[in-house]
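Chemist: Pasting in a structure now, in C-alpha cells, and then I'll have a few things to ask.
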Amino acid sequence: MFTPKYPTPDTAPPPAASTSTVHTPVPITSAPAPAPVSNRPTVQLTPGSVLVLAVGGGGVVLVVGAVLVSLLLAVAITGVSVAVVSVVLRLLVNDLHKAR
C-alpha cells in the first residue's frame with residue numbers, strides 16, 4: 001500500500017543525434033519596424049486640477065485616519081472594560097469563598 005508505483009518507461013526510440021554542430025549565422029536584411037504611435041490624449045494638469053487632486057487626497061487621508069483611530073479607540077475601550085469586569089468578578093468570587 002505504501003510502496004511507490006513507478007510508471008512504465010516510454011517505448012519511443014531515443015531522438016537521433018544531430019551530426020552537424022556548426023552554426024551559421026543568418027544576416028539581417030531589414031530594419032526593425034518603428035513603434036506604433038499612440039492615439040491616446042496626454043493628461044494636461046492645470047493648477048486648478050492639481051489643487052483639486054491635493055485637496056481630495058488630503059481628505060481621503062483624513063477620513064481613513066479617522067476611521068482607523070476610531071477602530072483603535074473601540075478596541076482599547078473594550079479591553080479596559082473587560083479588564084474591569086474581570087477584576088470585579090474575581091472580587092465577587094473571592095467574597096463568596098470567604099463567606100463559607
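We did not get these values from a lab; they are worked out from the coordinates using the rules stated. Predicted, not measured: the structure shown is a model, and the values here were computed from it. Note that each Cβ is placed from the backbone with ideal geometry, even for glycine, and that neighbours are counted across all protein chains shown.
Chemist: Out of these labelled values of Cα extents along the principal axes in Å, (i) 89, 46, 24; (ii) 30, 29, 23; (iii) 102, 74, 20, which was calculated from the coordinates shown here?
Modeler: Recomputing Cα extents along the principal axes in Å here gives the entry labelled (iii).
Chemist: Determine ³J(HN,Hα), in whole Hz, for all residues of the stretch 38-47 in sequence, where each value follows from phi through the Karplus function 6.51 cos²θ - 1.76 cosθ + 1.60 and θ = phi - 60°; x replaces Gly and Pro.
Modeler: With the stated coefficients, the stretch 38-47 comes to 7, 9, 6, x, 7, 7, 9, 9, 8, x Hz.
Chemist: Gap in Å between the Cα centre of the stretch 42-59 and the Cα centre of the stretch 75-100?
Modeler: Answer, in whole Å: 55.
Chemist: Run lengths n ≥ 4 of DSSP H only: what is the helix-derived mean residue ellipticity at 222 nm for the chain, with -39500 (n - 2.57) per run over all residues, to the nearest 500?
Modeler: That calculation yields -19500 deg cm²/dmol at 222 nm.
Chemist: Where does each of 86-92, 5-11 land if you order them by average Cβ count within 10 Å, highest first?
Modeler: On the way: 86-92: 10.0, 5-11: 5.4.
Per-residue Cβ counts within 10 Å, averaged per peptide and sorted highest first, yield 86-92, 5-11.
Chemist: Using a/c under 1.5 as the rounded threshold, could you call the stretch 60-100 rounded, prolate or oblate? The axes a ≥ b ≥ c are square roots of the C-alpha gyration tensor eigenvalues, and prolate needs a/b larger than b/c, oblate otherwise.
Modeler: The shape class here is prolate.
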